[in-house]
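Novice: Sharing a structure below in structure tokens format, with a few things to ask.
The values are calculated or read from the model by the stated rules, or taken from the named source; none is laboratory data. Here the structure is a predicted model, which is why all the values come from computation and not from measurement. Glycine also receives a Cβ, built like all others from the backbone with ideal geometry; neighbour counts cover every protein chain displayed. To get the accessible areas, we keep the full protein, side chains included, count just its heavy atoms, and leave off ligands, DNA and RNA. Shrake-Rupley method; radii C 1.70, N 1.55, O 1.52, S 1.80 Å.
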Amino acid sequence: MAVQVPCLLFRQPYAGLVLDGVKTVESRWRPLLAPLENQTLAVHVAQRDWEGLEWWAVLSGLLGMDSAQIEALLESGERFGRGVVAGLVDVGQTWLCPASLQGKDLQCLEQSAVLIGLQEKHLTNLSNPRWLKAPLRALGGRDLWTIEIPAKLFP
């Protein structure tokens with residue numbers, strides 16, 4: 001038996017950060033995840049890395065992690081490799097981050113998104129991250145697509 005689940009590609013280190021519960025807010029330029037509110041999303045680990053090191057600045061700065069903690073987190077995120085569906089996360093509310101947001105409110109969101117510069121982006125709460133029992137090799141898609149996950153892989 002298999003279950004069909006909407007799926008979204010995440011570049012590393014963000015795929016691992018989502019599944020390890022560090023990244024709890026996803027940001028997109030459009031409200032891609034809004035239709036999935038209160039549903040489960042499969043996390044596909046992209047072959048390519050995120051371009052830029054904003055995530056390192058947030059982990060080491062706002063979250064106060066040292067290099068060893070960050071390296072351990074990165075290793076955890078690579079446990080199943082690339083080009084696979086690695087886990088599941090529940091999708092919450094999506095909203096537009098106001099251009100005028102500043103200070104502690106913005107900093108809190110940047111910490112949750114592990115990214116800076118969130119103004120005017122659509123933000124979505126993510127919760128209940130869980131790794132599959134084993135990776136599911138699959139080609140990534142653009143935007144959202146549906147993947148069939150064998151029931152035996154569910155945590």
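Novice: Nearest 0.05, what FRET efficiency do Q107 and E75 give at R0 = 35 Å with Cβ-Cβ as r? Each step should come with its number before you reach the end.
Specialist: Numbers: r = 27 Å, r/R0 = 0.78.
Calculated value: 0.80.
Novice: Sticking with this structure for a sec: So who's got an amide H within less than 5 Å of the one on I147, skipping anything under 5 residues away but keeping other chains? H placed 1.01 Å off N, in plane.
Specialist: Those qualifying (amide H under 5 Å, at least 5 residues apart or on another chain) are V5, C7.
Novice: So, one more: When the dipole is taken about the Cα centre of the chain, and only Lys, Arg (+1) and Asp, Glu (-1) are charged at their Cβ, what size is it in debye, to the nearest 20?
Specialist: Using Cβ point charges on Lys, Arg, Asp and Glu, the chain gives about 480 debye.
Novice: Next question. Using alpha carbon coordinates only, what is the Rg to Rh ratio of region 67-110, with Rh defined as the Kirkwood radius?
Specialist: For region 67-110, the value is 1.13.
Novice: What translational diffusion coefficient, to the nearest whole µm²/s, does the chain have by Stokes-Einstein, given a Kirkwood radius computed over alpha-carbon pairs, a temperature of 37 °C and 0.692 mPa s viscosity? Don't skip to the answer; put the middle values down first.
Specialist: Numbers: Rh = 15.7 Å.
Estimated diffusion coefficient is 208 µm²/s.
Novice: Computing the accessible area with a 1.4 Å probe over protein heavy atoms, can you report the carbon and sulfur percentage for region 2-120?
Specialist: On the way: 2890 of 5570 Å².
For region 2-120, the apolar C and S fraction of the accessible surface comes to 52 percent.
Novice: Work out the FRET efficiency for M1 and S127 from their Cβ-Cβ distance, taking R0 = 30 Å, and round it to the nearest 0.05.
Specialist: On the way: r = 26 Å, r/R0 = 0.85.
E(calc), rounded to 0.05, equals 0.70.
Novice: Calculate the dipole size of region 76-125 relative to its Cα centre from +1 charges on Lys and Arg beta carbons and -1 charges on Asp and Glu beta carbons; express the result in debye to the nearest 20.
Specialist: 140
Novice: Please report how many Lys pairs in the chain have alpha carbons closer than 26 angstrom, counting only residues at least 8 apart along the chain or sitting on separate chains. Could the numbers behind the result be given before it?
Specialist: Working: K23/K104; K23/K121; K23/K133; K104/K121; K133/K152.
Lysine pairs, 8 or more places apart or on different chains, close enough: 5.
Novice: In region 1-107, which chymotrypsin sites (Phe, Trp or Tyr not before Pro) fall in coil by DSSP and have 12 or fewer other Cβ atoms within 10 Å? Show your work: numbers first, answer last.
Specialist: Values: sites: F10, Y14, W29, W50, W55, W56, F80, W95; in loops: W29, W50, F80.
Those that pass, being in a loop and sparsely packed, are W29.
Novice: In the full protein assembly as shown, how much of M65 is accessible to a 1.4 Å probe, in Å² to the nearest 10?
Specialist: 50
Novice: Expressed in nm to one decimal, what extension gain is obtained for the pair A34 and Q93 from 0.36 nm per residue of sequence separation less their Cα-Cα distance?
Specialist: 20.6 nm
Novice: Which whole-number value in Å² is the accessible area per residue of the chain, probe 1.4 Å? List each step's numbers first, then the result.
Specialist: Numbers: 7870 Å² over 155 residues.
Ligands and nucleic acids excluded, the figure is 51 Å² per residue.
Novice: Between R48 and L63, what is the spin-label point distance in nm, taking each point 7 Å from the Cα along the Cα→C-beta axis?
Specialist: Once both label points are built, they end up 2.3 nm from each other.
Novice: Still on this model: Given 4 °C and 1.567 mPa s, how large is the Stokes-Einstein diffusion coefficient of region 51-143 in µm²/s, with Rh as the Kirkwood radius over Cα pairs? All intermediate terms of the calculation are to be shown ahead of the outcome.
Specialist: Values: Rh = 15.3 Å.
Estimated diffusion coefficient is 85 µm²/s.
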